[in-house]
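The structure appears right after this line, and notes come after that.
The values are calculated or read from the model by the stated rules, or taken from the named source; none is laboratory data. Note that the structure is predicted; figures quoted are calculated from it, not measured. Cβ coordinates were reconstructed from backbone atoms using ideal geometry, including for glycine residues, and neighbour counts include every protein chain displayed. Ligands, DNA and RNA are excluded from the accessible area calculation, which covers all protein heavy atoms including side chains. Shrake-Rupley method; radii C 1.70, N 1.55, O 1.52, S 1.80 Å.
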Amino acid sequence: MKKLALHWKILIGMLLGLVFGFIMLQIDGGRAFTEDWIKPIGSIFVKLLKLIAIPLILASLIKGISDLKDISKFKNIGLKTIGIYILTTVIAISIGLALVNIMQPGDGVSDETIAKLTETYSENSSVKAKIAEASKQKDSGPLQFLEDMVPDNAFNALSNNKLMLQVIFFAIFLGISMLLIGEKSAEPLKKLFDSLNDVVLKMVDLIMLSAPVAVFALLANVVVSSDDPDILYALLKYAGVVVFGLALMIVFYSVLVGTVTKKNPFWFLKEISPAQLLAFSTSSSAATLPVTMERVEEHIGVDKEVSSFVLPVGATINMDGTSLYQAVAAVFIFQALGLDLTFADQITIVLTALLASIGSAAVPGAGMVMLVIVLESVGLPPELLPIGLALIFAVDRPLDMCRTVVNVTGDATVSMIVAKSVGKLHDPKPKDWDDNYDAVK
């Protein structure tokens, strides 16, 4: 009997999690039971993925650079990666602005709904924290994000998942230095990181064995912790515009895959689907990164020297889904509050969202923080900021899940395009968790 594919197992787990969550909502004590006994399973899974994220970035990036033999190749890969990421982000923002201006979801929000949302969320501690964080980001210098990329203590950077850019900087610095000391001198260290890379990828395989159960737990908890259904229905048109825009981005990526890499887009989506489903369940590109790297390298065929740079950088600075959401959310808030946005304001949204996606990458809850920066750039009065965020806060979690899927898909697409351009896209060679099990059992 043919073994059921991983993406089907994960999808079944997600559907069962949704059904279980809705059942628990109808039962007295169901919410508490889910939070006490089901939620921890999902939390442990996410922790395991985050546990191996930094070792995987460090090992794979150093291995990828040291395998290049030529620093000019790395420069070529780096410039292409950054250039394509900027281009796809601008396209994502443009799609969001076009849709929100055509469909105008903010015009259908009643004054009663605005009042209810404001009362419910404007004093929310999370909303206030995002505004405070955005103010701190806005007050920093124009090159602050470059300064933040350089660690003053490598071990401190390696011990904090929020400092992913610092880990990438350290790994690139170390990898280039290994190239410069010559192959013979670097060989012992190279063997260490090659071995560490293989071990961490095997850890990914082992962790993924529990993925179907974990996404069941994650989705069940999302359902039982959801907000007032009436509020969610009121924001359905806005959420629909965002989701439609995100779906168009997936179509855009598929077209790129088909035209640039000459690969079947449906095959690409099938092979990357476990990473997409985990991105949806965890709402975290960083937590999904180990799985994205494993799928892109082993199941799509991108060489490690490309994926090891493109994917960690993408998980940190490439936020196509988030940028599209910001464009829609910013215009929606102005529409709902009866405020006007000029064409120049909308160009400002494009530029600000693009810069914010790079500069705010390492900030916790980056999407909402970036949105505050965008809203302030187009002149939303400070006293209306909490009200503006309150308008969209209720549906932020489900939309965060959807936009993370787009972020991860964009990273995988760009890795394929860059690999194709430098001749590093080959036939996939997937591995299973038990490849060497017979030798050790």
Carbon plus sulfur fraction of accessible area for the chain, probe 1.4 Å, in percent: 64 percent
In degrees, nearest ten, helix 211-224 long axis to first principal axis of the chain (Cα): 10 degrees
Charge dipole of the chain about the Cα centre (unit charges at C-beta), most positive-ward option of Ala134, Ala239, Gly17: Gly17
Total charge dipole magnitude, the chain, about the Cα centre, Cβ charges on Lys, Arg, Asp, Glu only, Debye to nearest 20: 1380 debye
Helix 304-317 axis, angle to the chain major axis (alpha carbon atoms, nearest 10°): 20 degrees
Entries of Lys73/Lys431; Lys263/Lys304; Lys47/Lys190 with Cα pairs more than 23 Å apart: Lys73/Lys431; Lys47/Lys190
Spin-label pair Ser110/Val255, simplified geometry with 7 Å Cα→Cβ offset, distance in nm: 3.9 nm
Signed unit charges on C-beta, dipole axis of the chain, positive-most listed residue Val306, Val46, Ile207: Val306
Potential extension, Phe244-Val150 segment - 0.36 nm per residue separation minus Cα distance: 30.1 nm
Estimated inter-spin distance, Asp340 and Ala32, nm [label 7 Å along Cα→Cβ]: 5.5 nm
For the range 7-46, convex hull of alpha carbons as volume per residue, Å³: 55 Å³
Whole-angstrom gap from the range 1-53 to the range 178-222, using each part's C-alpha centre: 24 Å
Per-bin percent of Cα-Cα distances, the range 369-441 [5 Å]: 3, 11, 11, 11, 11, 10, 10, 10, 7, 6, 4, 3, 2, 0
Pairwise FRET efficiency - Asn264 versus Glu119, Cβ, R0 = 51 Å, nearest 0.05: 0.50
Per residue accessible area in Å² of the chain, where ligands, DNA and RNA are left out and the probe is 1.4 Å: 45 Å²
